[in-house]
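Heads up: the structure comes next, in structure tokens.
Every number in this text was worked out from the coordinates using simple rules, so none of it is lab data. As the structure is a prediction and not an experimental result, all values here were calculated from the model. Counting neighbours? That spans all protein chains shown, and the Cβs are built from the backbone with ideal geometry, glycine included.
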Amino acid sequence: MKWATSTGHRTRIWEHEQTQIRVLMHAVALRSLRPKGAATAVTRALSSSTSPASALKVLIIDGYSPDGRADLEAGGASTAGKLYIDLLAKSAPTGVEVASDVVYPADSDFTAPDLSKVVIAWLFWSIATNVTNWRPHLACARESDGHIGVCTCIPQYGSCWAAQIAVAAAGGYCGGNPRGREMGLARKIALSPEGRAHPMFEGKPSVFDAFTSHNDEITHLPPGGLSLCGNDFTSVQAVAVRHKKGDFWAVQYHPEYDLHELARLTYCRRAKLVGLGFFADMKSADEYVDDLENLHIDPSRYDIAWRLGLDADVMDENIRHCETRNFLKYLALPYKAVVEGNK
């Protein structure tokens, strides 16, 4: 297995990551769908890509089981699908309508959607399923690669489990983090040189904190995979995976969370977190949850922000949603424009 950070491979991938090249690559991949003489359709469509005339059609894949979703809602937390509906709505450019459908592949009655009937679709592999053995899920990702490959060129984006699915489906590997669980805040995430040059991180600080909750990590990148940032706890905190004719941008952390959602997730996981040593007892866990909730209600509470070590990188929505906004800008909207230009 080659590491995707080898010098020659890194250089080739880095070159492909430049914004204009990304758009052109998608246009070339779709050229067989475009009649001769219609090359200018791409340019015309790009100039009107933010028109409200047609919505961005998004397929959100929520990996939680029914019991997992019920546990979240019982604790006052939003489901992964709901979080992504809100994230997309907040991240879309002014005048762009987002039409989202959520599917639940962990449900016993799940039927795979017919993506051939979706004109525009973005696959958001949301927060991890509540499982102790992730290997069957990653094996399924590799097996589903042929089916996913049918939907060539459809841009994909997601968080946490999404990054692991993207890597596994393209031939990479994930495993349990030997440091254990990263929970609450992923501290001092630093962009790699590739990440600093990547369009997904345009406008993002070079070092930042982010909301997080995960046990597993990416251990080996696939061919076509690029590590964009990491910290001392988790070496790969974001990836860009180019596989066949598609692109998948994903982060290990959770841009869809805010202080309230982190508070509710922590509340739902209190017993586990006490057992892992994050809190001395349930009272300490409840006090932490209350701090998060109070700071969410009143962001001017400097005393709480100082005590928890929270700054604008997690409290400012514009910074927190930077990656999602850039995905829509540099992959989703150009793809939509190309497809609509072929009609």
Worksheet item: Given labels modelled 7 Å from the Cα in the Cβ direction, how far is it in nm from residue 74 to residue 297?
Response: 2.6 nm
Worksheet item: Going by average Cβ neighbours within 10 Å, how do the peptides 87-93, 258-264 rank, with the highest at the top?
Response: 258-264, 87-93
Worksheet item: Short version: what are the Cα gyration tensor semi-axes of the stretch 259-313, square root of 5 times each eigenvalue, largest first, in whole Å?
Response: 21, 11, 9
Discussion item. Number of Lys pairs in the stretch 236-336 with C-alpha atoms less than 21 angstrom apart, excluding same-chain neighbours closer than eight positions?
Written reply: 4
